[in-house]
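The values are calculated or read from the model by the stated rules, or taken from the named source; none is laboratory data. What you are looking at is a predicted structure, and each value in this text was computed from that prediction instead of being measured. Reconstructed Cβ throughout: ideal geometry from the backbone, glycine too, with neighbour counts over all protein chains shown.
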Amino acid sequence: MKKSFVGCFVALVLLAFNVNVPAQDGPIKVGVLLPYSGVFAGLGNEMDNAVELALETFDKEVGGRSIEIVREDTETKPNIGLAKAKKLVFEDKVDVVVGIVSSGVAGAVRDFMHKSEVPLIIANAGNDLLTGENCTPWVIRASFSNSQINRVMGPILAKQGKKKAFLMAFDYAAGHQMMDAFRETFVASGGEIVGEEYPPLGETKDFGPYLAKLKAANPDVAYVFFAGGPAIKFVGEYDAFGLRGNIPLAGPGWLTSALYLAKQGQAAVGTQLSLNYVPSIDTPENKAFQDAYKAKFERGASEFAVQAYDSIHLIIEGLKATGGKTDDKQALADALRNVSFVGPRGSLKIDPKTNNVIQDIYIYEIQKDGDGVKPVIMEVIKDVQDEPNGCTM
Ligand code: PHB
C-alpha cells in the first residue's frame, strides 16, 4: 500500500516535470556467448570486435534504455556453453542472448533456451537441427545453416567433371552435417564418395595420417571443412604434402577464411569455396562496414565479424520495433524474427518457416594477387533458403 503510494507520487512528480518515463527501467541486457578460448577463440574474438563496432554504428540506446553487454566464454565446449547460458539467464537476467560459434554448443543450449523463453540469436553455429526438426520460436539464426553453405557445391564440382570426392571434417555435429549436405547433392549429380575421415575437433597436431589416406584414395577432389588454427595447418600441410595442384581442394569458405587467408598465403591458391560472405563484395554497405572495421581494428573483417555485426544490428532493429520494451518476450522474439535489412553480405531476412536466414551464397576461388592471394567470386546463388526439414513453428 505504502509502496504503491510512493510509486504513484514519484510518477506524478516525473509527469509534473515533464520527464520522459521509459517503458521499463534499467538497461537492456544482451548476453554475448562466444568462444574466447579453445579451438575457435580466434573466431570468437573477431566476432567480439564486431559486437563493439555494431553498437557504435547502430545505437547503444533504444527507447531511452541503454544496451548493456554481458560476455561469457563457452570455451568451445558444449557443457560450459550450457552452464554459461544458464548463468546469463538466471543470474544476469539478460533479455536476449547472441553468439555461439560451435554447432556442438548450439545443440547443448537449444532445450534450455526453448524452456527459458529468452530469444537466442545465433551468430555463427550452423547446426541444421536448430532450424530443422529441433526448431523453436526462441532460436533465430542470422548466420547460416551447415546445409545451406555446403549443399550448393555438389552440382558445381560435378559439373566440372569431378566424379570421385574424398571428404574430411572435424568429428562433431557441424563436420558431419556439412559433409552429409555435400554428399547428398554431389551423389545426386552423379558423383561418388571414395573415402572420408573425421579428425577430432580441436588442435590436430598432424594431418599427415589423414592426408596419406586421402592421397591413396586418389579422388578428383577433396571436400574439406576445418576452421580456425586447424584450417591454417591443414591448408599448409596439404600444400607441403604435394597434394595442391594434383587433387583440387574445395569446401565451405572457413577453410581459407579472410581471418587467416594471409597466413595461409600461396598454399591456399586454387581452393574452391562457398560462403555467405566474401570481403570483396562491391556494395556501399560492405564498403562502409569494411572501412569502419579497418579504422577501428587496423585490418579487414571476415565473415565471422559480419555475422556478429548483423546479429547486433538485428537485435537493435528488433528492439526499436518494440520501443525498447523487453518484458513481453513473445513480442520481442516476434519483432526480432521480422527484421530484414541490407547488410555487408547483401540482403538478410529470417525465414518465418524455420527462423533460419535467407541469403546469397558466394562461390569463389583463391587466386594469386601479386605476392599475396585473394578470393575471386565466380558465381552468386541468390536467396538460398532451407527446406523446413521437419520444422513446425
Ligand atoms: C559450427 O560448429 O557450426 C561451425 C564452426 C566454425 C565454422 C563454421 C561452423 O567456421
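Could you tell me which residue of region 118-127 is surrounded by the most Cβ atoms within 10 Å (Cβ to Cβ), considering only residues that are away from the ligand (no atom under 13 Å from the Cβ) and within 16 Å of the chain's Cα centre (by Cα)? Selected residue: Leu120. A single member of Asp383, Asp351 is outside the structural domain of Asn134 (by TED's automatic domain parsing) and among the charged types (D, E, K, R), and it is Asp383. Being assigned to a helix (DSSP H, G or I) and either free of Cβ contacts under 8 Å to residues at least 24 places away in the same chain or under 19 Å from the mean Cα position of the chain (by Cα) (or both): is that true of Gly175 here? Yes: the conditions hold for Gly175. The residues of region 97-112 that are more than 15 Å from the ligand (Cβ to nearest atom), touching a residue at least 12 places away in the same chain (Cβ under 8 Å) and surrounded by fewer than 24 Cβ atoms within 10 Å (Cβ to Cβ) amount to a single one, Phe112. The set of residues from region 128-184 being away from the ligand (no atom under 14 Å from the Cβ) and among the basic types (Lys, Arg) comprises Arg151, Lys159, Lys162, Lys163, Lys164, Arg183. Please verify whether Lys115 is surrounded by fewer than 24 Cβ atoms within 10 Å (Cβ to Cβ), among the basic types (Lys, Arg), more than 12 Å from the ligand (Cβ to nearest atom) and outside any helix (DSSP H, G or I), treating the condition exactly as stated. It is false that Lys115 is surrounded by fewer than 24 Cβ atoms within 10 Å (Cβ to Cβ), among the basic types (Lys, Arg), more than 12 Å from the ligand (Cβ to nearest atom) and outside any helix (DSSP H, G or I).
Considering the conditions (1) crowded, with 16+ Cβ neighbours inside 10 Å; (2) within 16 Å of the ligand (Cβ to nearest atom), Asn79 is excluded by exactly one of them, (1).
If I filter region 241-285 down to residues being surrounded by fewer than 17 Cβ atoms within 10 Å (Cβ to Cβ) and in contact with a helix residue (DSSP H, G or I) (Cβ under 8 Å, 6 or more places away or on another chain), which single residue comes out as farthest from Gln148 (Cα to Cα)? Result: Phe241.
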